[in-house]
1. Pop the C-beta distance of Glu335 and Val296 into the FRET formula with R0 = 22 Å and round what comes out to the nearest 0.05.
2. Could you work out how far apart the two model spin labels at Leu288 and Val6 are, taking each label as a point 7 Å from the Cα in the direction of the beta carbon, and quote it in nm?
3. Would you mind calculating the relative contact order of region 459-574 from Cα pairs under 8 angstrom and at least 6 residues apart, reporting the percent as a whole number?
4. Can you give the extra length, in nm with one decimal, that the chain gains between Glu450 and Phe128 once fully stretched, where that is 0.36 nm per residue apart less the Cα-Cα distance?
5. Near the amide H of Gly435, under 5 Å away, which other amide H atoms are found, from residues 5 or more places off or on another chain, if H is placed in the peptide plane?
6. If Lys and Arg each add +1 and Asp and Glu each add -1, what is the summed charge of the other residues whose beta carbon sits under 13 Å from the beta carbon of Ser261?
7. So what is the relative contact order for region 510-555, in percent, with contacts set as C-alpha pairs under 8 Å and at least six apart?
8. Give or take rounding to whole Å, what are the principal axis extents of the alpha carbon atoms in region 378-440, in descending order?
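Since every read-out is calculated from the coordinates, none of them should be taken as a lab result. Worth saying up front: this structure is predicted, and the values here are computed from it rather than measured. Using ideal geometry, Cβ is built from the backbone for each residue, glycine included, and neighbour counts are taken over all protein chains shown.
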Amino acid sequence: MDSEAVEEKSLEAFKNLLLQPEKDRIRQIENRLNDPMIRAKETSLFLPEAISFSVLNSNRLSRVIQPVMDASLKESVRNNPKSIADAIFPALGPGIRKAISSTVMGMVQSLNQLLNHSFSFQGIKWRFEAFRTGKQFAEIVLLHTLVYKVEQIFLIHNESGIVLDHVTAKDVVIQDPDLVSGMLTAIQDFVKDSFDIRDDLETLRIGSDRSVWIEKGKHALIAAVIRGNPPVDLRIRFRELLEEIHIKSGMALEKFEGDASSFSIFREQLKDGLGFQNRKVKQKLSPLLICLILAVLSLAGIWGYHTFRSHQIWNAYLDRLKAEKGLIILSAQKEKGVYQVFGLRDPMVDDPEALLQPEEKSRIKIRGHWTPFYSLDPELILPRSRQILNPPPSITLDLSQGILLASGQASRDWIDIFQKTAPTIPGVKGYSDQGVLNMDREKLDAALKEISEIKLYFENNSTRFIKAQEDIFNKLLETVQNIQELQIKAKIQVQIMILGHTDSSGTESLNQRLSRDRAELVFNHLIVHGINPYFLTISGIGTKIPLKSETGAEERQYNRAVSFKVFYPLGEKG
């Protein structure tokens, strides 16, 4: 190498040394700009701070995002309304439960009174009164049986606790309204703080026969001091009155600053709430109520028997699961009326629910949660091996001390599958295929024996077949095709040598050429009919290896032939 080439090579190395770091940095920058995943990851690092800065400095981000959020919410409701319902359920649930609770309490109270008076003399009298007046029977019962008196009603501002108005019934000792309001506010705050609840106090019991009903609105509440047992409808009347006050004076309540004079317009409506009922009726236990009690007791007995029987079935089912091979129970429990069992299950084990009888399934609900695993129980290893290996009917599989034994006849392909797959089967320590006979090899050996017995005969000093050789050639072609296929299946390479023969007449050089011509003729015939040429070889042996010793014309004709010999190029014994 001359000096100029050395200098040029050194200069190139020096340039690479100086510029390679810059090239690497440029390549990194190109990767960052061209790879969307890297850009997305970098954007996610500063996106929260950018949103926070936008919210603090202007309201532009919310105006831009609002149409997108509206469209997304509509699309979400359209495609998956259940997820929206699950999200708002915590907010709607308490209100729904409160409304249902109030309705159920009223129904229970009305039902109790109806049952007490339906079949009594007084009840018949009240039914006639309901028919005469056109009112419902339940309404007449409530009218005649409930005893109560509304003594005082307070209209109180929520935020300040100031009494906006106050009315009292006759013959009632009046307390300082502001003092009462302050006490109610203090009690509600105490209950919320002590018991960590969000709902407002609705009823306050005072002594054995007096209570305070509280109905709270957005800006004001009504507190009614009631003696006795008032009807549920009374609470609805207070609620409707409170709603009317908010409708008419909602703005005044929202901007209230201490002047309560403007709320005196509701005094007459508050006085209308000072109702009372003081007629007492002797209560008797009705026959229908007795029947209802007996029915409830009967249902309780049936439920108790069902529970006991279900528990028996559950314990028996667990015992059967524990005795089943290939199942391991990790935990079992009852949740929301459903028996849950968690465990491990081998794929070879049938569905555990099949261990339940049909009548047992109708009594209890069982849900299994099974995680797949491979059991090392010998009774499961052998079926698992049969399932994975899928042996032919001629193969028998056995298991002895973890060793998988195969015996019988099978193809070379299945034998290869067995050798590769058997060691990977869970629980199999080893395998043996000494008892397996290669069916493909047996068929190949039979075909090789068959072709060695085939001979094609020729006319004297000619390469023309003698008559009646067509059937023999067809048999030859079928046998060669069969060998060609079987050697692939058996994975044994063989080669067929076509040997040309002559009789002893003529010179040796002529006989040698004639015998080869005869072998080439058969070779070409086989190639034309689709035989692979690499599968065949030819040899003209003249009179060197006669098929028969020549003692006459018949033996000479027998030697004017082509025979076939098979050998193994890789040295495998045929």
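1. The value I calculate is 0.25.
2. A separation of 12.3 nm, rounded to one decimal place.
3. 35 percent
4. Taking Glu450 through Phe128 to full extension adds about 104.5 nm, to one decimal.
5. So Gly435 has HN proximity to Ala406.
6. Result for the neighbourhood of Ser261: -2.
7. 49 percent
8. The Cα atoms of region 378-440 stretch 31, 18, 17 Å along the principal axes, largest first.
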